[in-house]
Every structure is written in structure tokens, then in C-alpha cells.
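These notes concern the structure reproduced below.
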Amino acid sequence: MTQTSFSIQTRGQGLYECTHQVAEWLSAQKADGALLTLFVRHTSASLLIQENADPEVQTDLRNFFHRLVPPSSDPAMDYLTHTYEGPDDMPAHIKAAMMPVSLSVPVSNGRMTLGTWQGIYLFEHRDAPHRREVVAHLA
């Protein structure tokens, strides 16, 4: 059993692939038949396994969740009470509540058993740049 953490710098809302960062650490562990758990230590970001071949997928996901949960300045969101941290804050918490904050990935021969087009992404839900921490636990 071993663990580490990764720092991911964001530039605002969007998906940030971290597959290579995780894979590099994992290859040094020489694990086989293990389970990798990833956990984001923030309440306004999520983790996803998603397609990494076509960047339009990330664009469409970001646009979909923006339409589903618009900023608190949108009249449709006037019921929100937690608004003092900016119009993107409470919607970011809602999005994080809807999406996973942890992932489990089987490991074989020191590699994640992701599918051909799958990558691991941090989904930043805030407008401002943030430094996010993802903890990796291998058991």
C-alpha cells in the first residue's frame, strides 16, 4: 500500500487531463492486481474518466454542466442563498455534488487498465485559476 498526491493547476472552469501524471507515478510502483483510488480534496472540483481523443467532448461536457447549473447571477438560480463567494461558487458545489470526487481504477502490470480512449480528468468548476490536490492511494 502506498500513496502520493498530485498538484493540478487550473486556469478556470474546464477539464484538465492528469492521466500522464498519474501513470508516471504508477509505473514506478510496479503494482499488479492492485486498485488505484484517486480523490480530489476540494468541494468545487470533480474527477472524471472521460474520452481523451476528441477535445470537443470536454467542451460539450463543460457547456452542458454550465447550462444545467448556471451561475447564481442567472435569474433561474435566484433561490440560492450561498452567494457571497461569487456567482460561480455555489454552482461549483452543486456540480461537485453531482459528479464523482473519487475514482477507482484497476492496475495491471504497473498500468491503469483504462480503455483506449479513456483519460483521467480533474473537472474544475470555479472561474478563477486554482491549484487542486488529488490524492492517489494504491492498494
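Per-structure values
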{"item": "Odd one out for ASN109 among (1) surrounded by 17 or more Cβ atoms within 10 Å (Cβ to Cβ); (2) of a type outside the set (A, V, I, L, M, F, W, C); (3) over 25 Å from ASP54 (Cα atoms)", "result": "(1)"}
{"item": "Those residues of region 13-31 which are over 25 Å from ASN63 (Cα atoms) and either of a type in the set (S, T, N, Q) or touching a Pro at 6+ places or on another chain (Cβ under 6 Å) (or both), in sequence order", "result": "GLN21, SER27, GLN29"}
{"item": "Qualifying residue in region 67-89 (condition: out of contact with any helix residue (DSSP H, G or I) (no Cβ under 8 Å at 6 or more places or on another chain) and at pLDDT below 95)", "result": "yes"}
{"item": "Checklist (1) surrounded by fewer than 17 Cβ atoms within 10 Å (Cβ to Cβ); (2) modelled with pLDDT of 95 or more; (3) over 22 Å from HIS130 (Cβ atoms) applied to SER27, failing item", "result": "(2)"}
{"item": "Any chance GLU24 is of a type in the set (Asp, Glu), more than 13 Å from the chain's Cα centre (by Cα) and closer than 20 Å to THR2 by Cα", "result": "yes"}
{"item": "Entirely in region 9-113, the strands (runs of 3 or more DSSP E) that have 2 or more residues that are of a type in the set (Gly, Ala, Ser)", "result": "45-51, 102-108"}
{"item": "Cβ-Cβ under 6 Å pairs, at least 6 apart or on other chains, region 123-138 side in contact (Cβ under 8 Å) with a residue 12 or more places away in the chain, far side surrounded by 15 or more Cβ atoms within 10 Å (Cβ to Cβ) and acidic (Asp, Glu)", "result": "ARG126/ASP88; ASP127/ASP88"}
{"item": "Subset of region 29-57 (residues that are without any contact (Cβ under 8 Å) to a residue 24 or more places away in the chain and of a type outside the set (Asp, Glu))", "result": "PRO55, VAL57"}
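Here is a yes/no grid of residues against (1) hydroxyl-bearing (Ser, Thr, Tyr); (2) without any contact (Cβ under 8 Å) to a residue 12 or more places away in the chain:
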residue: THR59; (1), (2): yes, yes
residue: VAL69; (1), (2): no, no
residue: SER73; (1), (2): yes, no
residue: PRO100; (1), (2): no, no
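The values are calculated or read from the model by the stated rules, or taken from the named source; none is laboratory data. Predicted model, so just to flag it, every value in this text is computed and none were measured. Don't worry about glycine lacking a Cβ; one is built from the backbone with ideal geometry, like all the others, and counts go over all protein chains shown.
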